[in-house]
Amino acid sequence: MTDFIEASVFFGVIISLLAYGLGVLLNKKCKLPVFNPLLISIIVIILLLSVTGIDYEVYEEGAKYISYLLTPATVCLAIPLYEQISLLKKNYKAILLGILSGVLTSLLCVFAMAAILQLSHEEYVTLLPKSITTAIGIGVSEELGGYVTLTVAVIIITGILGNMIAETICKVFKITEPIAKGVALGTASHAIGTARANEMGKTEGAISGLSIAVAGLLTVVGASVFAQFL
């Protein structure tokens with residue numbers, strides 16, 4: 001059976017889709033943030049590979065086809081943004097200022113944590129792109145000399161946490177403005193956070209999609225500067 005699985009080119013794709021489908025089902029049934037579909041699928045796949053003894057390389061050989069869709073999916077976020085273009089023009093100053101403050105906060109928090117925990121330069125720059133989309137974060141980590149694999153893991157964890165606690169944070173701090181929610185989610189939690197923003201509303205989703213791109217560009221510049229501090 002294991003030999004058959006290892007010979008299947010699309011084994012990784014099938015397992016990924018089934019695991020994510022299970023996550024979606026649990027999320028709908030339980031309606032709790034902790035049952036995030038992406039988090040559930042990650043846990044299921046890790047357990048499956050551990051129990052069966054299937055090598056990660058075998059899984060990745062098929063799962064890589066899903067990764068090809070990452071960039072087109074990110075580009076598609078421009079559609080809801082186009083639909084809300086009038087709102088963007090009206091509030092562009094507040095949106096850009098919000099994104100800039102979010103990027104600076106992220107970089108400063110990483111710097112403070114690295115200084116307190118006495119992280120090495122490589123560990124420090126690995127964490128700097130934690131709040132931007134994977135496609136950009138990988139390039140930033142490679143350029144600065146970080147551990148790319150860990151960067152990807154940190155980016156995913158950041159996105160999942162943002163997706164899970166977004167609504168709770170908004171309720172606690174009484175944030176009701178759709179634009180503010182969109183900026184916060186897109187800047188702090190990239191595409192995974194934007195998925196939650198789309199569930200909140202069209203305006204939140206559109207502004208969050210814009211925030212991903214702008215925050216990514218600002219982080220590329222900001223991370224290069226902050227990398228010199230430690």
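Which condition from (1) closer than 25 Å to ILE132 by Cβ; (2) at pLDDT below 85; (3) of a type outside the set (Phe, Trp, Tyr) is the one that SER16 breaks?
So the condition that SER16 fails would be (2).
Only one of GLY205, GLY182, GLY222 is surrounded by fewer than 22 Cβ atoms within 10 Å (Cβ to Cβ) and either touching a residue at least 24 places away in the same chain (Cβ under 8 Å) or at positive phi (or both). Can you tell me which?
Checking each option against the conditions leaves just GLY222.
Across the range 51-78, which residue is least open to solvent (accessible area, probe 1.4 Å) among those that are part of a loop (DSSP other than H, G, I, E, B) and over 17 Å from VAL13 (Cα atoms)?
Only one residue fits best here, namely LEU77.
For the range 188-202, enumerate the residues that are open to solvent by 10 Å² or more (accessible area, probe 1.4 Å) and part of a helix (DSSP H, G or I).
Within the range 188-202, ALA188, ALA191, ILE192, ALA195, ARG196, ASN198, GLU199, MET200, LYS202 meet the criteria.
Counting only residues that are surrounded by fewer than 16 Cβ atoms within 10 Å (Cβ to Cβ) and either more than 29 Å from THR168 (Cα to Cα) or touching a residue at least 40 places away in the same chain (Cβ under 8 Å) (or both), how many does the range 18-46 have?
Adding up the residues that qualify gives 1.
Kindly establish whether CYS30 is under 20 Å from the mean Cα position of the chain (by Cα), of a type in the set (A, V, I, L, M, F, W, C) and over 20 Å from ILE157 (Cα atoms).
No; evaluated as a whole, the condition is false for this residue.
If I filter the range 109-140 down to residues being farther than 22 Å from ASN163 by Cβ and small (Gly, Ala, Ser), which single residue comes out as surrounded by the most Cβ atoms within 10 Å (Cβ to Cβ)?
It comes out as ALA114.
Given the criteria under 15 Å from the mean Cα position of the chain (by Cα) and either more than 16 Å from ILE207 (Cβ to Cβ) or surrounded by fewer than 17 Cβ atoms within 10 Å (Cβ to Cβ) (or both), does SER106 qualify?
yes
Out of ILE155, ILE169, ILE165, ILE138, which single residue is in a helix (DSSP H, G or I), free of Cβ contacts under 8 Å to residues at least 60 places away in the same chain and more than 19 Å from GLY216 (Cβ to Cβ)?
The match here is ILE169.
Please give the number of the condition LYS174 fails out of (1) at positive phi; (2) part of a helix (DSSP H, G or I).
For LYS174, the exception is condition (2).
The values are calculated or read from the model by the stated rules, or taken from the named source; none is laboratory data. This structure is a prediction, so every number in the text was calculated from the model and none was measured. All Cβ positions, glycine included, derive from the backbone under ideal geometry; neighbour counts span all protein chains shown. What goes into the accessible areas is simple: the full protein's heavy atoms, side chains included, and nothing from ligands, DNA or RNA. Shrake-Rupley method; radii C 1.70, N 1.55, O 1.52, S 1.80 Å.
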